[in-house]
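The values are calculated or read from the model by the stated rules, or taken from the named source; none is laboratory data. Please read these numbers as outputs of a predicted model, since none were measured by experiment. Glycine gets a Cβ as well: all are built from the backbone with ideal geometry, and neighbour counts include every protein chain shown. Accessible surface areas use protein heavy atoms only, side chains included; no ligands, DNA or RNA. Shrake-Rupley method; radii C 1.70, N 1.55, O 1.52, S 1.80 Å.
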Amino acid sequence: MNTETNAATGTAATRDARRWWDADGGWSTADATGTVLVIDSWLVDEGRVRGLDRHAERFRSSCDRFPEPGPDRTDRFMRAVAESLPARGRWFPRVELVDTGSGTRLRMWLRPAPPRTATVRLWTPTGPDRRRLPAVKGADLDHLAALRADATTAGADEALLVSAEGHVVEGASTSIVWWRGDTLCGPPPGPGLLPGVTRSLLAELARTAGLQAVTERATAPDLAGLPVWTLNALHGIRPVTEGLGRFQDTDAEEAGRWQSRLAALAVPAGELPDSRGEPMKEVYP
């Protein structure tokens, strides 16, 4: 996307720009119409991204649930996205599989990245988890956006989702992990949990540091005395200050150290390799 996508010169025409992609015609101007079926997003900071291959594989795997566009076209689309990412500025692009009414199409929405926040307050909605396809990012987009809006109204930043049994699952836009001493813990994988890219990267970092990363089912009371973090591609690691677990000043310092290790994983986007047949490397605590 050449100099048009440079955040330093960002014009109204290039901010929040959407582009359709077709295997034959490449990129063309798009609007916001259509029903979004699948999405994925990641942070681009001065042309560097962490875990882009994993985001691409998660997106492709979710798109494979639908008859179109097929893995080959999705792979080609993601390689085209990687090659077009801006080399300057801070961006939070979103890739989308969209139902246009006459079929499905692939679209990229190039968005300036919102500011990162260092901590997060959680709010737990009443009633059961009403997501239809928790493991597909984008399938419950409107519902999760409404939950985040309700969290804001309640004076929090993020909605906490729990299972019918009361177990902590994840946030509306985040993964949830907690520490038991030197052991990194999180909910077990399954159909009710989105495969978290940042979570998988953090688990690998923990194991590389010689620490354990395990899964367990836990209720909110189970975590009352533990440090709890939320994770996502935009913010990285944010300690929970209200709504779950416990927060101390030392928790923020520790999170900052791990945030630096996570940030060091970012590499130039470059050209994304073909991911067909290679499942996303899911490494869960």
Discussion item. Given a 1.4 angstrom probe, I'd like the percentage of the accessible area of region 175-279 that is carbon and sulfur, rounded to a whole number.
Written reply: 52
Fill in: Cα lying deepest toward the dipole's positive end in the chain, options Pro128, Ala32, Pro221, charges on Cβ
Ala32
Item to complete: Note down the nm distance, to one decimal, between modelled labels 7 Å out along Cα→Cβ at Glu204 and at Asp45.
Response: 1.8
Worksheet entry | the chain - Rg over Rh from alpha carbon coordinates, Kirkwood radius | 0.96
Discussion item. Suppose we look only past 24 Å in the calculated P(r) of region 115-217. What percent of the Cα-Cα pairs does that tail hold?
Written reply: 25
Practice prompt. Calculate for the chain the 222 nm mean residue ellipticity that helices alone would give, adding -39,500 (n - 2.57) per DSSP H run of length 4 or more and normalising by residue count, nearest 500 deg cm²/dmol.
Written response: -7500 deg cm²/dmol
Worksheet entry | Residues in region 235-255 reached by a label modelled at Asp150 [backbone nitrogen below 18 Å; 7 Å Cα→Cβ] | 243-244
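What is the magnitude of the charge dipole of region 32-99 about its Cα centre, with +1 placed on the Cβ of each Lys and Arg, -1 on the Cβ of each Asp and Glu, and no other charges, expressed in debye to the nearest 20?
Using only the charged Cβ atoms, the result is roughly 240 debye.
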Worksheet entry | Cα-centre dipole for the chain with unit charges at Cβ (Lys and Arg positive, Asp and Glu negative), debye to 20 | 220
Item to complete: Please arrange Trp123, Trp42 by accessible surface area, largest first, computed with a 1.4 Å probe and ligands excluded.
Response: Trp123, Trp42
Worksheet item: For the chain, what is the relative contact order in percent, using Cα pairs closer than 8 Å and at least 6 residues apart in sequence?
Response: 21
Worksheet entry | Added length on full extension, which subtracts the Cα-Cα distance from 0.36 nm per residue, Glu68 to Thr183 | 37.2 nm
Practice prompt. Find, among the trypsin sites (Lys or Arg not before Pro) in region 149-237, those assigned to loop by DSSP (not H, G, I, E, B) with at most 16 other beta-carbon atoms within 10 angstrom.
Written response: Arg217
Fill in: Average accessible area per residue (Å²) across the chain - probe 1.4 Å, nucleic acids and ligands excluded
46
Worksheet entry | Simple Cβ-charge dipole of region 127-285, Lys/Arg +1 and Asp/Glu -1, about Cα centre, in debye nearest 20 | 220
Discussion item. Please compute the modelled spin-label separation between Asp249 and Thr100, points set 7 Å along Cα→Cβ, answer in nm with one decimal.
Written reply: 5.7
